[in-house]
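A.B. asks: This is the structure, below, for whatever I ask next.
Coordinate-derived values only; no laboratory data. Keep in mind it's a predicted model, so treat the numbers as computed, not measured. Methodologically, a virtual Cβ is constructed for each residue, glycine included, from the backbone with ideal geometry; neighbour enumeration extends over all protein chains shown.
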Amino acid sequence: MRKAIAVHSYKGGTGKTSIAANLAALMAIEGVNVCLLDYDFRAPSIQVLFKVRAQKTINDFLEERCSLTDVLLDLSDKYQADGHLYVGCASSTTESLRDMMTKDRRWEMRALHRTLSAKNKLYDDLGVEYIIFDTSPGVSYSSINALASSDFIILVSKMDEFDMEGTKELVHGIYDTLGRRTGLLLNKIPMEQFPLGEGRKELEESISKIFNLPFLGVIPCYCDIQADGGRSLIAFEQPKHPFTQGLSEVMVKVQDHLKRL
Ligand SMILES: Nc1ncnc2c1ncn2[C@@H]1O[C@H](COP(=O)(O)OP(=O)(O)O)[C@@H](O)[C@H]1O
Ligand SMILES: [Mg+2]
């Protein structure tokens, strides 16, 4: 399998980074070689989440100061994962955050070409089987580049009205144009609204109809994860946590979709 997945959403705080990072962790635990790339240049989080300090960042790669393989950190030993877990971090200095906001369309087109050609190197030279892009919410150029570089998009939404409306607009405005296969994942659903049994099936059917997208799952809002504030990698630290179990089911569905491409 040589496939790229982007995790995206309309709004911030839906759980993109948590989902992208834990999905990468789950794949590595399963013995799959995976590469997680931080394409959220507005709010990079991968360095904090994995507690690493990158000497070179994806910003350096996109500025043509190094190759993508120079940026990657192999964390398989740190987490004792069977598969390779490579992570590519984005720079979180104020200067870099500002700098990335000033990029014009031409620079972004070059960045897209660089990303597309680097993907092949990851597959061929490092034996990467899955690339996972974490993205900024909405329609920033860097997110569009990550979506355009992917074979499948996991569109994450909460169940609030703003998020659902914006997500609908994203599907019509961007995804239909890009023509990428997309699956919808509802995350952070308040426990009291979390449906069980028949109720869950009904919710899945109505959401699939509203968005005209296949449904990947519903993950409740877990107070302990919320309180933790995104500091730990649940998949490694708590493999039996229902968040980890729910995400494992999502992973199987995503892999099924990718097999059918
Ligand atoms: N299912 C969940 N239950 C509770 N908290 C969650 C869940 N998913 C994510 N979070 C928390 O929500 C916050 C935002 O998540 P994050 O992954 O950073 O979102 P994004 O990348 O979309 O901005 C983090 O504190 C994270 O731990
Ligand atoms: Mg994020």
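A.B. asks: Based on the alpha-carbon set only, what is the convex hull volume of the chain divided per residue, in Å³? Could you put the intermediate results ahead of the total?
C.D. replies: Details: hull volume 32.5 nm³, N = 261.
Residue-normalised Cα hull volume stands at 124 Å³.
A.B. asks: Starting from the Cα of K51, draw a straight line to each of the lysines and keep only those under 16 Å, dropping any in the same chain fewer than 8 residues away.
C.D. replies: Of all the lysines, those that pass the test against K51 - Cα under 16 Å, at least 8 places apart if same chain - are K78.
A.B. asks: W107 versus N212, label points 7 Å from Cα toward the beta carbon: distance in nm?
C.D. replies: Here the modelled spin labels are 3.6 nm apart.
A.B. asks: For region 51-164, calculate the relative contact order in percent as a whole number, restricting contacts to Cα pairs under 8 Å that are 6 or more residues apart. Each step should come with its number before you reach the end.
C.D. replies: Working: 79 pairs, mean separation 20.7, N = 114.
Answer for region 51-164 is 18 percent.
A.B. asks: Sort M100, M109, M164 so the one with the fewest other Cβ atoms within 10 Å of its own Cβ comes first. Write out the running numbers ahead of the final one.
C.D. replies: Numbers: M100 21, M109 12, M164 17.
Arranged by neighbour count, lowest to highest, M100, M109, M164 become M109, M164, M100.
A.B. asks: I'd like the per residue volume of the convex hull spanned by the Cα atoms of region 130-261, given in cubic angstrom. Write out the running numbers ahead of the final one.
C.D. replies: On the way: hull volume 17.1 nm³, N = 132.
Roughly 130 Å³ of hull volume per residue.
A.B. asks: Separate question: With a point put 7 Å past each Cα toward its Cβ, work out how far Q238 is from Q80 in nm, to one decimal.
C.D. replies: Roughly 2.0 nm, to one decimal.
A.B. asks: On alpha-carbon atoms, Rg over Rh for region 1-66 using Kirkwood Rh? Please list the in-between numbers first.
C.D. replies: Values: Rg = 12.9 Å, Rh = 13.3 Å.
Rg/Rh: 0.97.
A.B. asks: If N is the number of residues in region 26-132, what value comes out of its Cα radius of gyration divided by 2.2 N^0.38 Å?
C.D. replies: Details: Rg = 13.8 Å, N = 107, 2.2 N^0.38 = 13.0 Å.
Ratio of Rg to 2.2 N^0.38 Å for region 26-132: 1.06.
A.B. asks: Something else now. Let me check against my output: what whole-number percent is the relative contact order of the chain, with C-alpha pairs under 8 Å and at least 6 apart?
C.D. replies: Relative contact order comes out at 27 percent.
A.B. asks: Please express the shape of region 126-189 as an equivalent ellipsoid: the semi-axes are the square roots of 5 times the eigenvalues of the C-alpha gyration tensor, given largest first in whole angstrom.
C.D. replies: Numbers: eigenvalues 92, 40, 22 Å².
Largest first, region 126-189 gives 21, 14, 10 Å.
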